[in-house]
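Data block below; observations after.
Every number here is computed from the coordinates shown, using simple stated rules; none is lab data. In this text the structure is predicted, and so the values were computed from the model without any measurement. A quick note on method: Cβ atoms are made from the backbone with ideal geometry, for glycine too, and the neighbour counts reach across all protein chains shown.
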Amino acid sequence: MPGTLYIIATPIGNLGDITLRALTVLKSADFVLCEDTRVTQKLLKHYEITTPTLRYNEHESETEVSRIVNFLNQGKNLALVSDAGTPGISDPGGKLAEYICRYARDIKIVPIPGPSALIAAASISGFRMDKFVFLGFPPAKNKRKKFFSEVASAQYPVILYESPHRILKTLNDLLKIVPDRDLVVCRELTKKFETIYRGTASEVINMLPRNEIKGEFVITLVPGNYTNDSQP
């Protein structure tokens, strides 16, 4: 019988956020597939897990994907993790799952849910999030104008990821197209220096540190037609 591929969510910062089920699967798997083995080893060592690790990310060749599928076909159970959060959500893992669903349907894929920066940010946004649009990371260079046009025209709250190196560039782009809209910018979610900024793009820009900006960011932006029905 083929083995099982477990898609495991790991902490986005605070190591205590991992689930008991995730720990059980990480301990029992034959191998842990990692985006970066050095990052994953810190988590495994913290919980005294000795399961061997193998490096894997979505940029691997088709030959590497076939090697992993062969492990599964041999009956090996593999646990797929990214550096942080849920694999496949703007993270490696999606291509492997897609390949298996298309070409190796006998292999079972099991989700082990847990931490996600996307859901964490949505939960504290203060906006109605029964419907929202997730657009991942903005393009670094090409097609940025088209991307932010899509952001501006969305009918529901939009959630974006951004790196510390481009957060000011992205906030300035938002300032140009939606200067009056409220947004929430989360930095270093679940970590020691977690910070939540609320306001318009210009207000958040003024709140950010003037020195070197560190940490990963999640931006939540309200749509143009948003009204606060919670007002008395």
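Taking just the alpha-carbon atoms of segment 55-129, what radius of gyration and Dmax come out, in angstrom?
14.8, 48
Only bridges with both residues in the chain count here: give the DSSP antiparallel percent, nearest 5. Can you show the working numbers first?
Values: 16 of 33 bridges.
If we restrict to bridges inside the chain, about 50 percent are antiparallel.
Ratio of segment 1-61's C-alpha Rg to 2.2 N^0.38 Å, to two decimals?
It is 1.11.
Return P(r) of segment 4-112 (all Cα-Cα pairs; 10 Å bins starting at 0; whole %; ordered from short to long distances).
Calculated P(r), rounded to whole percents: 15, 54, 27, 3.
At most 11 other Cβ atoms within 10 Å and a DSSP loop assignment: could you name the GluC sites (Glu not before Pro) in segment 6-81 that fit?
Here the GluC sites (Glu not before Pro) that fit, given the DSSP loop and packing criteria, are Glu48.
Return Arg198, Arg187, Arg210 ranked ascending by Cβ neighbour count within 10 Å, so the fewest neighbours appear first.
Arg210, Arg198, Arg187
Measure out, as a whole number of angstrom, how far apart the alpha-carbon centroids of segment 1-67 and segment 140-214 sit.
Cα centroid of segment 1-67 versus Cα centroid of segment 140-214: 31 Å apart.
So if I take the alpha carbon set of segment 89-141, get Rg, then get Rh from the Kirkwood formula, what is the Rg over Rh ratio?
Details: Rg = 15.0 Å, Rh = 14.0 Å.
Rg/Rh for segment 89-141 comes to 1.07.
Within segment 128-202, what percent of beta bridges assigned by DSSP are antiparallel, to the nearest 5? Working shown, then result.
Working: 5 of 8 bridges.
Around 60 percent of the beta bridges assigned by DSSP in segment 128-202 are antiparallel ones.
Please list the equivalent ellipsoid semi-axes of the chain, computed as the square roots of five times the alpha-carbon gyration tensor eigenvalues, in descending order and whole angstrom. Write out the running numbers ahead of the final one.
Numbers: eigenvalues 256, 73, 55 Å².
So the three semi-axes of the chain are 36, 19, 17 Å.
Under 26 Å Cα to Cα from Lys27, which lysines show up? Leave out anything in the same chain fewer than 8 places away.
Cross-link targets: Lys42, Lys45, Lys76, Lys95, Lys108, Lys191.
Helix-derived [θ] at 222 nm for the chain: sum -39500 (n - 2.57) over DSSP H runs of at least 4, divide by residue count, nearest 500?
Theoretical 222 nm ellipticity from helices: -9500 deg cm²/dmol.
What whole-number volume per residue, in cubic angstrom, does the convex hull of the C-alpha atoms of segment 119-161 give?
It is 65 Å³ per residue.
Can you give the Kirkwood hydrodynamic radius of segment 124-201 from its Cα pairs, in Å with one decimal? If you can, show how the numbers build up before the last one.
Numbers: mean 1/r = 0.0750 Å⁻¹.
Every distinct Cα pair counted, the radius reaches 13.3 Å.
At a Cα cut-off below 20 Å, give the aspartates and glutamates reachable from Lys141, other chains included and same-chain residues fewer than 8 away excluded.
Cross-link targets: Asp91, Glu150, Glu162, Asp173, Glu216.
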